[in-house]
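Here's the structure, in structure tokens; my notes come after.
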Amino acid sequence: MVLRPVGRCWMASYLIAAPEPLAAAAADFARIGSALRSANVAAAAATTQVVSAAQDEVSAAIATLFGAFGQEYQALTAQTALFHDEFVRALSVGAGAYSAAEAANVTPLQTFEDDLLALINAPTNTLLGRPLIGDGANGAPGTGQAGGAGGILWGSGGNGGSGFTQTANGVAGGNGGSAGLFGNGGAGGGGGAGASGGSGGTGGILYGNGGAGGLGGAALAGVNGGNPGAGGAGGNALLFGSGGAGGQGGTGLTGTTAVTPDNGTAATGSAGLVATQVGFTGGAGVDGAVGQVGGTGGTGGSPDFLFTGSVPGADTSGGTGGVGGVGGFGSDAGAAGSGGMGGAGGVGGNGGLLFGSGGAGGHGGTGGTGGAGGIAANGGAGGAGGSSTSRASFIAVTAVGGTGGTGGVGGVGGTGGSGGAGGVGGAGGHGGLLFGAGGAAGTGGTGGLGGSGGLGGDGGSAGNGGNSSAIATQVGEKSFGGNGGLGGSGGVGGTGGAGGAGGAAGAAGEGGFLGQAGSSGSAGVGGAGGVGGGGGDGGDGGKGGTATGGNDSIKTPGSPGSGGTAGGGGAGKQEIWGPACPTSTADLTNSTIDAGTTGKADLGRDQPGAASGGRAVVRGDGGGAGQTGAALAAGSTAAEQQSVAASAAV
């Protein structure tokens, strides 16, 4: 309402003016005027200087008449533009005046309010350190400072400040401030790493709701023993009002990723012996320990025989190279790799003594993710085939190079860590003594994800075939280079960790004399199983041996070896579901489903106490298969071998 003069009197007017719409309208009118001026200027030449249609007197008279009309229109347009400018100017000045008046009135009114409250609150602040009317101050973030108390007569409590993390321990969140006679309690602050959330403030003595509890701090390695913080308890109501909800528990600690130690390479197999014309197979490379590359297979025996007689049979054969050792296993995530349990949910606050519902229990925290399994070691290289040399003076001879040894199988990847169990849900608060429903039970926390399995080791490269040399004076000597060995098979990827079990639900709050009990909480959902590790790449096949001899000899180089088979991906683990409340008689007799772990009993008020089976569901995905090793061409050079290996890797 504003006052406006009417003659010599001032009369009340219920008209109001908003400065922002007035300023916007002035801007719109200015744009409209600019558009009209542009249109008039564009039409001026065509309307004021009309060209005669012909040279006769009638056409000239018509052109002069229309031109006169156009000139009169332009004169009227100029007067209209002046009026438009004055109108826009008046509208803009009015909007500015209203804005200035509002700005001038804000500060005095605010100052008057502050001064009045300061005057009223001065006695109680001096005597009790608490205002009579007004909300309590909020705690500073990152300090764990408690919220200030609300006014004695009227005012809500301030929110607690969030906690912070020290070197060894997290600091809990600040508690919410309490209200006075009328008002709501302040919310508790969230806890620092591994510390509990602050409790909610108490509601007003006569009327007011309790404040919500703060969130529990997430677990952090090396702080508070790696444990998560519990959710803060909800604040209680006193006579009339509902209790505050409990805070959610903190997230569990993530499991440590397994690191496979570098333990070098296992011992090389012994070289094959020579029995006159035949070389024996080289010894197998030693299998690697954890994190140890398999040993290289021994070189096949290499006979070099000079036959001086004239009876046929001067043939030599190189020994087969030894098999490469199996690569060592990747380290399992183990106990250190298991995710931590989620924090417990906070207890809901109690409802008012006479009337009010209890606060809901806080949700349990999510379990930590399991750590990944370690990477396995590679298989050892196969031993080279033995060379074969046969020489004679009077007979034809045959020399056969030994076959290259098979590459060692890659190691098996480490098993991923299990996901942590979800935290227990908080209990619901009690309803008012006379009237009021109990608080709902908190839901159990979700189980943590299982850790991924480690990568399988690559298969060892195969040994090259042995070289052969047949030299004789007789026509018909034969020389066969040894065949390249088979590449080793890639290692199997590690098994993914099992998903964590879901947390148990909290207890439902009791109702008042005329109130119902709170609803039962749900059990937490189990975490998904970890993804299986990828299989290792197969080893490269060996190069065929070269064949040499006299000018008339038959020389056949060895065939290249085949690449190794790729390792299979690891299997995903099971997902463990949390406990569930039975709902039928069949649930009481069939206590397990799909061979899963038995669920915990959930003792709801309206349900019988018995355990129903948890379900085991395969959720982890198998790891990706590795690449198949490349086959090397017969007689290829070292540079060609590297090129083929690089192409296979891509």
Could you tell me which of the residues Gly493, Gly533, Gly485, Gly499 is part of a loop (DSSP other than H, G, I, E, B) and in contact with a strand residue (DSSP E or B) (Cβ under 7 Å, 6 or more places away or on another chain)? Gly499
Take Ala421 and tell me if it is over 55 Å from the mean Cα position of the chain (by Cα) and either within 24 Å of Gly503 (Cβ to Cβ) or hydrophobic (A, V, I, L, M, F, W, C) (or both). no
Here are Gly352, Gly367: which of them is in contact with a strand residue (DSSP E or B) (Cβ under 7 Å, 6 or more places away or on another chain), of a type outside the set (S, T, N, Q), buried (at least 24 other Cβ atoms within 10 Å of the Cβ) and over 30 Å from Asp540 (Cα atoms)? Gly352
Confirm whether Gln292 is surrounded by 20 or more Cβ atoms within 10 Å (Cβ to Cβ) and either among the acidic types (Asp, Glu) or touching a Leu at 6+ places or on another chain (Cβ under 6 Å) (or both). no
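Going by the conditions given, is Gly301 part of a loop (DSSP other than H, G, I, E, B), surrounded by fewer than 24 Cβ atoms within 10 Å (Cβ to Cβ) and at pLDDT 85 or above? Outline the logic, then answer.
Working: part of a loop (DSSP other than H, G, I, E, B): yes; surrounded by fewer than 24 Cβ atoms within 10 Å (Cβ to Cβ): no; at pLDDT 85 or above: yes.
Answer is no for this residue.
Please pick out the residue among Pro579, Pro560 that is within 30 Å of Ser452 (Cβ to Cβ) and either assigned to a loop (DSSP other than H, G, I, E, B) or at pLDDT below 80 (or both). It would help to see each step written out before you state the result.
Working: Pro560 fails: within 30 Å of Ser452 (Cβ to Cβ).
Pro579 is the lone residue from the list that is within 30 Å of Ser452 (Cβ to Cβ) and either assigned to a loop (DSSP other than H, G, I, E, B) or at pLDDT below 80 (or both).
Answer yes or no: is there a residue in region 387-396 that is over 38 Å from the mean Cα position of the chain (by Cα), under 25 Å from Glu510 (Cβ atoms) and small (Gly, Ala, Ser).
Taking region 387-396 and keeping what is over 38 Å from the mean Cα position of the chain (by Cα), we get 387-396.
Restricting the remaining residues to those that are under 25 Å from Glu510 (Cβ atoms) gives none.
Scanning region 387-396 turns up no residue that is over 38 Å from the mean Cα position of the chain (by Cα), under 25 Å from Glu510 (Cβ atoms) and small (Gly, Ala, Ser).
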Under 8 Å between Cβ atoms, which residue pairs at least 6 apart in sequence (or on different chains) link something in region 495-518 that is farther than 15 Å from Ala437 by Cβ with a partner that is aromatic (Phe, Trp, Tyr) and assigned to a loop (DSSP other than H, G, I, E, B)? Ala501/Trp577; Gly502/Trp577
Can you find a residue that is of a type outside the set (Gly, Ala, Ser), surrounded by fewer than 24 Cβ atoms within 10 Å (Cβ to Cβ) and touching a strand residue (DSSP E or B) at 6+ places or on another chain (Cβ under 7 Å) anywhere in region 252-268? yes
For region 393-415, name all the residues that are surrounded by 24 or more Cβ atoms within 10 Å (Cβ to Cβ) and over 30 Å from Ala258 (Cβ atoms). Val397, Ala399, Val400, Gly401, Gly402, Thr403, Gly404, Gly405
Number of positions in region 518-553 that are out of contact with any helix residue (DSSP H, G or I) (no Cβ under 8 Å at 6 or more places or on another chain), modelled with pLDDT of 80 or more and under 30 Å from Val400 (Cβ atoms): 9
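Residue-by-condition table, conditions (1) part of a helix (DSSP H, G or I); (2) closer than 24 Å to Arg31 by Cβ; (3) without any contact (Cβ under 8 Å) to a residue 12 or more places away in the chain:
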residue: Ala60; (1), (2), (3): yes, no, yes
residue: Phe66; (1), (2), (3): yes, no, no
residue: Phe69; (1), (2), (3): yes, no, no
residue: Phe83; (1), (2), (3): yes, yes, yes
residue: Glu86; (1), (2), (3): yes, yes, yes
residue: Ala100; (1), (2), (3): yes, no, yes
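If only one of Ala212, Ala230, Ala219 is touching a helix residue (DSSP H, G or I) at 6+ places or on another chain (Cβ under 9 Å) and surrounded by 24 or more Cβ atoms within 10 Å (Cβ to Cβ), which one is it? Walk me through how you get there before you give the answer.
Working: Ala212 fails: touching a helix residue (DSSP H, G or I) at 6+ places or on another chain (Cβ under 9 Å); Ala230 fails: touching a helix residue (DSSP H, G or I) at 6+ places or on another chain (Cβ under 9 Å).
The unique qualifying residue is Ala219.
Considering only region 223-233, I want to know if a residue exists there that is part of a loop (DSSP other than H, G, I, E, B), of a type outside the set (A, V, I, L, M) and closer than 30 Å to Asn378 by Cβ.
No, every residue in region 223-233 fails to be part of a loop (DSSP other than H, G, I, E, B), of a type outside the set (A, V, I, L, M) and closer than 30 Å to Asn378 by Cβ.
Residues that are closer than 21 Å to Gly429 by Cα, buried (at least 24 other Cβ atoms within 10 Å of the Cβ) and either among the basic types (Lys, Arg) or under 34 Å from the mean Cα position of the chain (by Cα) (or both): does region 161-169 have at least one?
no
The values are calculated or read from the model by the stated rules, or taken from the named source; none is laboratory data. All figures in this text were calculated on a predicted structure; none of them were measured in a lab. Ideal geometry is used to build each Cβ from the backbone, glycine not excepted, and the neighbour counts take in all protein chains shown.
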